[in-house]
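All remarks here apply to the structure that follows.
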Amino acid sequence: MIRQAVDASNHGQISELGQRVLDGGQISREEALRLFNLESSADIHDLLAWANRIREKFKGNKIHLCSIVNAKAGACSENCSFCAQSSFYQTGSPKYGFVDPEPIAEAAEEANRNGITAVGLVAAWKGLNEGPMLDEICDRIREMKAAGQTRPDVSLGIIKSQRVADRLKEAGVECYGHNLESSRRFFPQTCTTHTFEDRLQTISHLKQAGIKICSGGIIGMGETREDRCDLAFELRAIGANVVPVNILNPIPGTPFAKNDPLPVLEILKTIACFRFILPRQEIMVAGGRTVNLRDAQSMIFMAGASALMVGNYLTTLNQPVEKDLQMLKDLGLDPHWDNHGFSDQEAGATLA
Ligand code: SF4
């Protein structure tokens, strides 16, 4: 007897939940967990087809492209177990202080040539206080803003004072990258030098300042499906606007160096589940894409991704931007982002 390709009860549930999200409804944690626990490839492909419809409904065929520039590298005081830039581990990753204006201007120009919406300045340190470094960063942001080529985003770690967030906003920051990394439960296994609450507090200051939130996490660190599900619900609760999904690229010398890679279908299923939970948000596939997904990279859009980190990552390489642009063209997707209505994405947010 031939086994049914799609489990009829799963098929019915996926369709019911997919239709509810398409109609503007939400799914519960328990319902989402059932999706995270789908096992057969036929069911997962069924899920992807619905995630694709949800992406099309809320995002059309526009894909938001971001790139990053490592404005200060290595020697970080924190012990994040996935990170090549932590001073706790011997990784051979580059180390340098805050860069001069030229490399930042060059990164913005290159991004502009490739039609990339935003360039994020990323710094490897615990966080930012008031002082000369904040002044310098604000100068770089104003310069990028004045050049008018790309949106200057930043990812500068933990912010402990409202004044710092307000000054970044005044300088022209529209969107700040600050991942929750994983669920509240799993977070202590990723880092012990700061807490999940520190990260939520930072997000609260940023929101208070009127800055959009780019916050997601990393999968493949040893977390469970339940942890991934809870991360997505935390992100829904904080009202993240852009949700980066990074896939661990194990770095020799870090505690996660020997982690087994996640199966490709598990990665695609996770992206699809995020799309069901976060239908209006920008879901961006970021670090670890090329190494973990290989020939299946283009399937991330069918899984519901609406944004892509292009160019090289902080410490690892990505495929050339031209190849990504060709992939989008081949799929009938349009990299000319039209803002995707940031305000819509805040529906359901509960954190002030
Ligand atoms: S993830 Fe950020 S805070 Fe953590 S070690 Fe790396 S650079 Fe430092």
log₁₀ of I(q)/I(0) at q = 0.16, 0.20 Å⁻¹ - the range 50-209, Debye sum with one point per alpha carbon: -1.01, -1.33
Selected from R228, R113, R53 as most flexible by GNM, with the chain as the system and alpha-carbon contacts under 10 Å: R113
DSSP bridge pairs, the chain: antiparallel proportion in percent, nearest 5: 5 percent
Within the accessible area of the range 198-271 (1.4 Å probe), percent carbon and sulfur: 52 percent
Charge context of D330, other residues only, Cβ under 12 angstrom, K/R +1, D/E -1: +1
Between 0 and 90°, nearest 10: helix 264-277 axis offset from the chain longest Cα axis: 80 degrees
log10 of Debye I(q)/I(0), alpha-carbon scatterers only, for the range 178-295 at 0.19 Å⁻¹: -1.03
Rounded tilt (10° steps) of 101-113 against the dominant C-alpha axis of the chain: 30 degrees
Accessible surface, per residue, of the range 235-298 when the full set of protein chains is kept, probe 1.4 Å, Å²: 29 Å²
In the range 138-182, the GluC sites (Glu not before Pro) that fall in loop regions by DSSP, at most 13 other Cβ within 10 Å: none
The range 181-239: projected area of the alpha-carbon convex hull, averaged over directions, in nm²: 3.9 nm²
Relative contact order of the chain, defined on C-alpha pairs under 8 angstrom at six or more residues apart (%): 22 percent
The range 1-81 - accessible surface per residue (Å², probe 1.4 Å): 46 Å²
Accessible carbon and sulfur surface of the range 19-76 relative to its total accessible area, %, 1.4 Å: 48 percent
Kirkwood hydrodynamic radius over Cα pairs of the chain, then Stokes diffusion coefficient at 37 °C and 0.692 mPa s, in µm²/s: 161 µm²/s
The chain: angle of helix 162-171 to the longest principal axis, Cα-based, in degrees nearest 10: 90 degrees
Highest to lowest packing among 56-63, 114-121, scored as the average C-beta count within 10 Å: 114-121, 56-63
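The values are calculated or read from the model by the stated rules, or taken from the named source; none is laboratory data. Worth saying up front: this structure is predicted, and the values here are computed from it rather than measured. Here the Cβ is made from the backbone with ideal geometry for all residues, glycine too, and neighbour counts use every protein chain on show. Remember, those area values only see protein heavy atoms, side chains included, never the ligands or the DNA or RNA. Shrake-Rupley method; radii C 1.70, N 1.55, O 1.52, S 1.80 Å.
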